[in-house]
Each structure stands twice: as structure tokens, then as C-alpha cells.
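Undergrad: My questions will all concern the structure given below.
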Amino acid sequence: MNEAGSWEMPTELTMLQETARRFMEKVVLPEEAKVEHDAFTLPEDVLKRIQAEARKIGLWYVQTPAAYGGAGLSLLAQCLVAEEAAKCRMGAYIPACGAFGFDPPNVIFKGTREQIEKYAVPTVEQGEKTFVAISEPSGGSDPARAIQTRAERKGDRYVLNGTKVWISGASQSRWGIVFARTGSDRQRGNITSFIVEKDSPGLTLKRIPVIRSYSPYELSFVDCEVPVENRLGEEGQGFALAETWLVHGRVPYAAATLGIADAALRMAINWARERDLFKGKLADKQAIQWMIADSEIELRAARLLVFQAAWRADLGYDIKVDASICKVYATETAGRIVDRCIQIFGGLGVAQEMPLERWYREMRIKRIGEGPSEVHRMVVARDLLGGQKAPVLQEA
Ligand SMILES: Cc1cc2nc3c(=O)[nH]c(=O)nc-3n(C[C@H](O)[C@H](O)[C@H](O)COP(=O)(O)OP(=O)(O)OC[C@H]3O[C@@H](n4cnc5c(N)ncnc54)[C@H](O)[C@@H]3O)c2cc1C
């Protein structure tokens, strides 16, 4: 609270946000302007150069603990950075075009010292990507029951057999975390996670073309051997170890969608002020004013839900319900705002010379990935009405 009795972001966080914003405008956007509309990476040399610049100012692997080379930001600070980092054409799925690195699944830091040093530390050092493989053809909404990939222990190895689908970043990564069943019952207590190297014999990848150019992959495991020392935690601890990371991850995920909505809205406002139609500016028409006003109202409401969830997490509260609320509201709001902004631009809104049509396609995935809206509503309803334990949800 400030002296006037209203809520205010701490100064050090607004400074961080301003730093991220300036970096995006001065360093990232000019480089992104040189690559094609649907690109999901910058040329290797350019990426390395801007990563080095981001690293110098502390915007490097912001979710990763400082002890392992990251910035170790609070969840609230991560949200401010996520919102700014999304404000580029590829920002819905490649924040800051990769300039701030690609945080590994935070559950790796629950692993052994050797696991962290062998896998996470070089990844952060070299600016690499990683993948997380939970979803399967049998369903991603309720993975604790749906996972059929089996990991059978044979001496000092586990042998993995099964299929994962929709796995983002798999082909561009050296390693990832794979969730597999180590017990016979369809219970969350029988799921174990493993660090798996992409080039392991018995693991093959197939691209799955989807609505976005950054394709996910199908991962097929046929007698794929993983050393016992690559098991994270104990057998059956897969979801228990990952739960806090999965829940907390939804909050910056939601923040990023608001970054895109905010960028789209500012573009639409500028356009409405300039465009002449029916003897006046587009901005003079009440139908357009209401689209703009509704978008700003919903954007502010969504942002406060995101801040509230992050702030409570930083204070140590269980934010499972807060995270579901902000994930549903932010992703649905951002989708609606981008849609309205396209309407304000007319034909230009769906042209590839603007980022809007790309954002429109990518925003559509946000209501499915990281747990579909319906499952998050179920989490909220169960909290209000009582009932079974909330389901495990996952990322996209
Ligand atoms: C582009 C993309 C990238 C992804 N990246 C990854 C990744 O990197 N790693 C990974 O593991 N997964 C990833 N996913 C998978 C994603 O997490 C799943 O798609 C998601 O969890 C939904 O699972 P499903 O597609 O199997 O749908 P299903 O589980 O079959 O659900 C289908 C639909 O049923 C409805 N539904 C489900 N449960 C309920 C309920 N209780 N009440 C009412 N309706 C319900 C929802 O509308 C849901 O969309 C990605 C998906 C996409 C599209």
C-alpha cells in the first residue's frame, strides 16, 4: 500500500519491468523485424549476441535459481518480465525471441546435485532449450490417470515404452523430463519422472503440424534405456515433486498472454485514432470505443488476478486455485482482446504484415495448453463446492 492507501508495485519491480520493456524495444524487436512472419527463432549468431546482452543486465533464465546461473526472480517479478517478453511476434511461445534464455523445468532443481550439474547448469550456461513430456494420446487433461508410458526397472536402468504427444521444443533440446508409469494402478502415486536425453537409442521424434509454426512433437519410446541415476526423486514421486512448479508456472504463463493482449490493444488504439471512415476517425465511433474500453477493463482485471496469484505464492501460500483462476481469465481475456483488435483493423488485422493474425492463432492454444479452461474451472468449482482432490494439470 502507498501513502494514498492504494496498491502499488514496489519500485524495484517497476524498474525491472522498465528494463525488460526497453530491452524488447531497442534490442529484440529490431532483430525480429528481419525474420519472416512465422519464424520461431532468430539466426544463431544474432540470438547468441542478444542473449549475452540480456545476461549482462540480469534478464537471464529468470525462473532458475541464482545458485545455478539464473536470475532467481520472485513469481511476481517473473510475471512482469513475462508480460514484456511476450510483446514480440513470436512472444506467445518464444519469450523475448529467446534472448532471456529458456528456463528448464524447475523440477530439475529437486534432483540430485549431480543431475543439476550434469543437465541444468550447462543448459543455463549455454542458453539451451529443454522439453517436458507428460501428455499422451490417451489424454492430457487428466495425466495422472491417462499416462500409459511404462518405465520398468532392469538392474541399473529403466526401460521406457510408450508414446508422448504434443511435446514442445523436443527437437531443439538436448534433454527433457519424461513422466512414466512405474506401478500398475492408474494413480498419480505410480508416476515417476526421468531426465531423458533426446538422442537416447529407442527414442524417435515426429513433428506434429498444428495451428502455430512452432510445432510440437510425438515422442515414441521403444525399449529406450534410461540410467537409474536419471530418475528424479523416488519412484512414484513424479507429480508430487513437480506440483509446485506446475502450479506456479501457470501464473507467468497467464501474464505472457496479457503482454500480447496489451500490445494488440495499443496497436488498435493508434490505428483507430488515425483511420478516417464515415466523415471522422474510427476512434469517434462508439462501437469501436466500447471494444477498446471493454478490452482495457478486462485486461486490468486479468492483470490484478495474475499479480494476486503471484504475490500470494511469494508469501508462501498454496495458490492452486488462484493459479487456475488467473490462467482461465487471462488466457480467455487475451484471446477476446486480440480478436477485437483484429476487428478494429479490418482486413489489415488478418494480414501477415501485422502480428495480430499470428497472435490470434497462438492465443487459441493457450486455452488448451497448461490445462484446458474446463479443467481449471473444475479446480475452482471443487474448491468452492468441496469434493475430490483437485486434478494434476500440466503445461504446454
Ligand atoms: C501446441 C501444443 C503444445 C503442447 N505442448 C506440450 C508439452 O510441451 N508437453 C506436454 O506434456 N503437453 C503439451 N501439450 C498438451 C496439452 O497439455 C494438452 O493438449 C492438454 O492438457 C489437453 O489434453 P488433450 O489434448 O489430450 O485433451 P483431452 O484431455 O482429451 O481433453 C479434451 C477436451 O475435453 C475437455 N475436458 C477435459 N476435462 C474436462 C472436464 N473435467 N470437464 C469438462 N471438460 C473437460 C476440455 O475442453 C479439453 O480441451 C501441448 C498441446 C498443444 C496443443
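The values are calculated or read from the model by the stated rules, or taken from the named source; none is laboratory data. Keep in mind that this is a model prediction, so the values were computed, not measured. Counting neighbours? That spans all protein chains shown, and the Cβs are built from the backbone with ideal geometry, glycine included. For accessibility, only protein heavy atoms count, side chains too; no ligands or nucleic acids. Shrake-Rupley method; radii C 1.70, N 1.55, O 1.52, S 1.80 Å.
Undergrad: So which residues in the range 22-40 are open to solvent by less than 70 Å² (accessible area, probe 1.4 Å) and either touching a residue at least 60 places away in the same chain (Cβ under 8 Å) or part of a helix (DSSP H, G or I) (or both)? I'd like the intermediate steps shown before the answer.
TA: Of the residues in the range 22-40, the ones open to solvent by less than 70 Å² (accessible area, probe 1.4 Å) are 23-24, 27-32, 35, 37-40.
Those that are open to solvent by less than 70 Å² (accessible area, probe 1.4 Å) and either touching a residue at least 60 places away in the same chain (Cβ under 8 Å) or part of a helix (DSSP H, G or I) (or both): 23, 24, 27, 28, 29, 30, 31, 32, 37, 38, 39, 40.
Undergrad: Pull up the range 127-143, narrow it to residues that are among the hydroxyl-bearing types (Ser, Thr, Tyr) and more than 6 Å from the ligand (Cβ to nearest atom), then point me to the one that is surrounded by the fewest Cβ atoms within 10 Å (Cβ to Cβ). Break it down stepwise before answering.
TA: Within the range 127-143, the first condition is being among the hydroxyl-bearing types (Ser, Thr, Tyr), and the residues that meet it are 130, 135, 138, 141.
Pick out the ones that are also more than 6 Å from the ligand (Cβ to nearest atom) and you get 130, 138.
Details: 130: 22, 138: 16.
Here the residue is 138.
Undergrad: Also, I was wondering about something else. Any residue that is assigned to a loop (DSSP other than H, G, I, E, B) and surrounded by 17 or more Cβ atoms within 10 Å (Cβ to Cβ) - is there at least one of those in the range 106-118? Full working, then the answer.
TA: Our first condition is that a residue be assigned to a loop (DSSP other than H, G, I, E, B); within the range 106-118, this holds for 111-112.
Filter once more, so that each one left must be surrounded by 17 or more Cβ atoms within 10 Å (Cβ to Cβ): 111.
Yes, there is a match, as at least one residue in the range 106-118 is assigned to a loop (DSSP other than H, G, I, E, B) and surrounded by 17 or more Cβ atoms within 10 Å (Cβ to Cβ).
Undergrad: Now for a separate question. Counting only residues that are open to solvent by 10 Å² or more (accessible area, probe 1.4 Å), give me the strands (runs of 3 or more DSSP E) lying completely in the range 172-239 with at least 3 of them.
TA: 203-207, 217-227
Undergrad: Of the residues 382, 336, 361, 377, which single one is more than 12 Å from the ligand (Cβ to nearest atom), modelled with pLDDT of 95 or more and in a helix (DSSP H, G or I)? If you could, list the steps in order and put the result at the bottom.
TA: Values: 382 fails: more than 12 Å from the ligand (Cβ to nearest atom); 361 fails: more than 12 Å from the ligand (Cβ to nearest atom); 377 fails: more than 12 Å from the ligand (Cβ to nearest atom).
Residue meeting the stated conditions: 336.
Undergrad: Working carefully through the options 55, 89, find the one that is open to solvent by 10 Å² or more (accessible area, probe 1.4 Å), modelled with pLDDT of 95 or more and in contact with a helix residue (DSSP H, G or I) (Cβ under 9 Å, 6 or more places away or on another chain). Spell out how you get there, then give the answer.
TA: On the way: 55 fails: in contact with a helix residue (DSSP H, G or I) (Cβ under 9 Å, 6 or more places away or on another chain).
Matching residue, one of 55, 89: 89.
Undergrad: Which of (1) away from the ligand (no atom under 16 Å from the Cβ); (2) not charged (D, E, K, R); (3) not assigned by TED's automatic domain parsing to the domain that holds residue 182 is the odd one out, the single condition residue 91 does not satisfy?
TA: (1)
Undergrad: Going through the range 144-162 one residue at a time, which ones are away from the ligand (no atom under 11 Å from the Cβ) and of a type in the set (A, V, I, L, M, F, W, C)?
TA: Once the filter is applied, which keeps residues that are away from the ligand (no atom under 11 Å from the Cβ) and of a type in the set (A, V, I, L, M, F, W, C), the range 144-162 yields 144, 151, 159, 160.
Undergrad: Right, here's the next one. Give me the pairs: first residue in the range 118-145 and farther than 12 Å from residue 104 by Cβ, second residue open to solvent by 50 Å² or more (accessible area, probe 1.4 Å) and within 11 Å of the ligand (Cβ to nearest atom), beta-carbon distance under 6 Å, and six or more apart or on different chains, which are they?
TA: Hits for this filter: 135/166.
Undergrad: Name the residues in the range 61-74 that are open to solvent by 10 Å² or more (accessible area, probe 1.4 Å) and touching a residue at least 60 places away in the same chain (Cβ under 8 Å), would you? So that I can check it myself, show each step before the final result.
TA: Filtering the range 61-74 down to residues open to solvent by 10 Å² or more (accessible area, probe 1.4 Å) leaves 62-63, 65-74.
If the condition is that a residue be open to solvent by 10 Å² or more (accessible area, probe 1.4 Å) and touching a residue at least 60 places away in the same chain (Cβ under 8 Å), then 63, 74 are the ones that fit.
Undergrad: Only one residue in 124, 165 is more than 14 Å from the ligand (Cβ to nearest atom), aliphatic (A, V, I, L, M) and either in a helix (DSSP H, G or I) or open to solvent by 10 Å² or more (accessible area, probe 1.4 Å) (or both). Which one?
TA: On the way: 165 fails: more than 14 Å from the ligand (Cβ to nearest atom).
Just a single option satisfies the conditions, and that option is 124.
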